[in-house]
Amino acid sequence: MAKGNNNYDVKDIKLADGGKKRIEWADNDMPVLKVIRERFTKEKPFKGMKMSACLHVTAETANLVRALKAGGADIVLCASNPLSTQDDVAAALVKHYDIPVHAIKGEDNKTYYKHLKSALEHNPVITMDDGADLVSEIHKSYPKLIKQIVASMEETTTGVIRLRAMERDKALKFPVIAVNDADTKHLFDNRYGTGQSTIDGIIRATDVLLAGRTVVTAGYGWCGKGFAMRAKGMGANVIVTEIDPIKAIEAAMDGFRVMPMKEAAKEGDVFCTLTGNHSVIREEHFKVMKDGAMVCNSGHFDVEIDIPVLAKLATKVNKGVRNFVDEYVMKDGRSVYVLGEGRLINLAAAEGHPASVMDMSFATQALASEYAVKNKAKLQAKVYTVPKEIDSWVASLKLETMGIKIDKLTATQKKYLSSWEMGT
């Protein structure tokens with residue numbers, strides 16, 4: 001039970017018991033993180049350290065913050081997206097785990113930034129982000145915190161893009177570890193997690209049959225690859241749009257049709273953006289879409305679909321024709337349906353990534369935080385990749401929990417790989 005903690009803002013604390021069950025269910029499928037939590041409990045690597053985390057408030061995230069608290073951290077959690085919070089989980093973290101949470105599903109922009117402020121006024125020395133909002137706010141509004149920040153962890157492609165831009169412009173004032181770029185994150189979480197959960201969100205929101213429909217995947221990074229693969233597996237005719245010639249060739253060789261969005265817009269039944277960029281679906285695309293076209297986003301911010309311009313093109317907007325579905329009626333009578341307000345559809349309309357894949361991502365996140373603390377004297381104000389040994393350890397333990405064994409190099413093989421003398 002919470003020990004008299006009043007520093008929180010959740011929808012309804014009475015939801016806590018249901019949230020605890022959800023957290024425990026996810027914990028059963030997160031064995032790697034559980035091992036880390038048990039070690040942290042003994043070693044206390046974060047003893048006396050304040051942390052602020054701006055993450056999707058889900059059952060999986062709850063188990064990450066539990067591990068960090070077990071390691072001695074005084075941690076506060078706020079939402080990284082207004083529609084991704086699981087309200088029962090937020091309540092459970094407060095009531096059952098004594099972790100302050102500032103997050104309410106559906107919160108408006110003013111409340112979102114109020115919650116960010118609450119997290120930063122915790123006076124952290126370590127931060128965690130899904131999208132770099134805490135880092136951005138510290139640099140813009142809380143410069144007094146900069147000198148004390150040991151490091152920040154970033155979990156998203158979008159956030160890493162922002163942070164690398166800050167580093168390029170010499171605007172980044174403290175170290176950041178790009179957890180998103182770890183192999184145990186982007187190769188699995190982005191591909192298999194996003195692939196499955198995005199499909200799940202679309203189906204929960206619309207109850208649409210994907211088999212036989214044309215699904216347009218905007219972007220063929222790891223998230224786009226996962227989504228396209230899963231849509232194809234459900235019988236959809238998948239089109240990929242890209243700006244990168246290498247990724248476009250890869251999509252074509254993976255068996256997908258590749259074309260510009262302006263052409264794909266005429267054919268698509270369901271559209272999903274997964275790029276981390278701005279205005280990927282915009283005015284010229286809305287104008288040629290079929291009647292009944294559905295558009296959604298699985299990138300971090302709600303900027304990939306130009307909803308303001310769609311609203312200007314529409315003569316009428318019918319909000320909530322289904323949960324998380326809004327209808328935009330065009331002048332010629334066509335309807336375009338926007339899912340999840342253009343926010344992350346896998347978290348807005350579904351439950352986000354399955355716990356099993358988040359086990360690796362959050363294990364890497366927890367270990368990267370420990371690495372930052374142990375190496376704080378060496379770290380500079382730039383974006384770092386996760387050390388290879390952390391990636392390898394997480395992957396090895398994950399294999400072990402899955403009952404999978406792999407080969408090891410023999411002495412002869414090690415010698416061969418480290419030599420150059422032997423040829424044909």
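The values are calculated or read from the model by the stated rules, or taken from the named source; none is laboratory data. Given the structure is predicted, the values throughout are model-derived calculations rather than measurements. No Cβ is skipped: glycine too gets one built from the backbone with ideal geometry, and neighbour counts run over all protein chains shown. These area figures cover heavy atoms from the full protein model, side chains too; ligands, DNA and RNA do not enter into them. Shrake-Rupley method; radii C 1.70, N 1.55, O 1.52, S 1.80 Å.
Of these, Ala16, Ala73, Ala26, which one is open to solvent by less than 50 Å² (accessible area, probe 1.4 Å), under 16 Å from Glu370 (Cβ atoms), small (Gly, Ala, Ser) and modelled with pLDDT of 95 or more? Step through it out loud before you land on a result.
Numbers: Ala16 fails: under 16 Å from Glu370 (Cβ atoms); Ala26 fails: under 16 Å from Glu370 (Cβ atoms).
Residue meeting the stated conditions: Ala73.
Let me spell it out: the conditions are (1) among the hydrophobic types (A, V, I, L, M, F, W, C); (2) touching a helix residue (DSSP H, G or I) at 6+ places or on another chain (Cβ under 9 Å); (3) farther than 15 Å from Asn297 by Cβ, and Val215 meets all of them except one. Which number is the exception?
Going through (1) among the hydrophobic types (A, V, I, L, M, F, W, C); (2) touching a helix residue (DSSP H, G or I) at 6+ places or on another chain (Cβ under 9 Å); (3) farther than 15 Å from Asn297 by Cβ one by one, Val215 breaks only (3).
Show the residue pairs meeting these rules: Cβ distance below 7 Å; 6+ apart or different chains; first residue within the range 265-284 and over 29 Å from Val160 (Cβ atoms); second residue polar (S, T, N, Q) and assigned to a strand (DSSP E or B).
These pairs meet every condition: Glu267/Thr214; Asp269/Thr214.
Restricting attention to the range 136-144, does a residue exist that is β-branched (Val, Ile, Thr) and farther than 21 Å from Leu68 by Cβ?
As a first pass, look at the range 136-144 and keep what is β-branched (Val, Ile, Thr): 138.
So of that shortlist, the ones also farther than 21 Å from Leu68 by Cβ come out as none.
No, the range 136-144 has no match at all.
Report yes if some residue within the range 239-246 is open to solvent by less than 10 Å² (accessible area, probe 1.4 Å), touching a Lys or Arg at 6+ places or on another chain (Cβ under 8 Å) and assigned to a strand (DSSP E or B); otherwise report no.
yes
Listed residues Asp306, Asp291, Asp254; which is at pLDDT 95 or above, open to solvent by 30 Å² or more (accessible area, probe 1.4 Å), touching a Gly at 6+ places or on another chain (Cβ under 8 Å) and not polar (S, T, N, Q)?
Values: Asp306 fails: touching a Gly at 6+ places or on another chain (Cβ under 8 Å); Asp254 fails: touching a Gly at 6+ places or on another chain (Cβ under 8 Å).
Selected residue: Asp291, the only one of Asp306, Asp291, Asp254 that is at pLDDT 95 or above, open to solvent by 30 Å² or more (accessible area, probe 1.4 Å), touching a Gly at 6+ places or on another chain (Cβ under 8 Å) and not polar (S, T, N, Q).
Go through the range 35-55 and report how many residues are in contact with a strand residue (DSSP E or B) (Cβ under 9 Å, 6 or more places away or on another chain) and part of a loop (DSSP other than H, G, I, E, B).
Here is the first cut: in the range 35-55, the ones in contact with a strand residue (DSSP E or B) (Cβ under 9 Å, 6 or more places away or on another chain) are 46, 48-55.
Next, only the ones that are part of a loop (DSSP other than H, G, I, E, B) stay: 46, 48-49.
Summing the residues that are in contact with a strand residue (DSSP E or B) (Cβ under 9 Å, 6 or more places away or on another chain) and part of a loop (DSSP other than H, G, I, E, B) in the range 35-55 gives 3.
List every residue pair whose Cβ atoms sit under 8 Å apart, with the two residues 6 or more apart in sequence or on different chains, where the first one lies in the range 304-315 and is free of Cβ contacts under 8 Å to residues at least 40 places away in the same chain and the second, anywhere, is surrounded by 15 or more Cβ atoms within 10 Å (Cβ to Cβ) and among the small types (Gly, Ala, Ser).
That search, which allows pairs on different chains as well, returns Ile305/Gly342; Ile307/Gly342.
Anything in the range 179-199 that is free of Cβ contacts under 8 Å to residues at least 60 places away in the same chain, open to solvent by 20 Å² or more (accessible area, probe 1.4 Å) and either of a type outside the set (A, V, I, L, M, F, W, C) or in a loop (DSSP other than H, G, I, E, B) (or both)? List them, or say none. Spell out how you get there, then give the answer.
Narrowing the range 179-199 to residues free of Cβ contacts under 8 Å to residues at least 60 places away in the same chain: 180, 186-187, 190-191, 195, 199.
After this cut, where a residue has to be open to solvent by 20 Å² or more (accessible area, probe 1.4 Å) as well, the list is 186-187, 191.
Residues satisfying the conditions are His186, Arg191.
Let's see how each residue does on (1) among the β-branched types (Val, Ile, Thr); (2) at pLDDT below 95; (3) surrounded by fewer than 18 Cβ atoms within 10 Å (Cβ to Cβ):
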site: Val321; (1), (2), (3): yes, no, yes
site: Lys331; (1), (2), (3): no, no, yes
site: Leu339; (1), (2), (3): no, no, no
site: Arg343; (1), (2), (3): no, no, no
site: Ala350; (1), (2), (3): no, no, no
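Identify the single condition in (1) surrounded by fewer than 20 Cβ atoms within 10 Å (Cβ to Cβ); (2) assigned to a helix (DSSP H, G or I); (3) not acidic (Asp, Glu) that Ile406 does not satisfy, given that it satisfies every other one.
Here Ile406 meets the rest and fails (2).
Is one or more of the residues making up the range 85-107 modelled with pLDDT of 95 or more, over 29 Å from Ser356 (Cα atoms) and either surrounded by fewer than 24 Cβ atoms within 10 Å (Cβ to Cβ) or not basic (Lys, Arg) (or both)? Lay out the reasoning, then the answer.
From the range 85-107, those modelled with pLDDT of 95 or more are 85-107; that's our starting set.
Of the ones still in play, those that are also over 29 Å from Ser356 (Cα atoms) are none.
There is no residue in the range 85-107 that is modelled with pLDDT of 95 or more, over 29 Å from Ser356 (Cα atoms) and either surrounded by fewer than 24 Cβ atoms within 10 Å (Cβ to Cβ) or not basic (Lys, Arg) (or both).
For the list (1) open to solvent by 10 Å² or more (accessible area, probe 1.4 Å); (2) out of contact with any Gly (no Cβ under 8 Å at 6 or more places or on another chain), I need the number of the one condition that Val176 fails.
(1)
Can you tell me how many residues in the range 200-226 are open to solvent by less than 10 Å² (accessible area, probe 1.4 Å) and closer than 16 Å to Val357 by Cα?
Total satisfying the criteria: 1.
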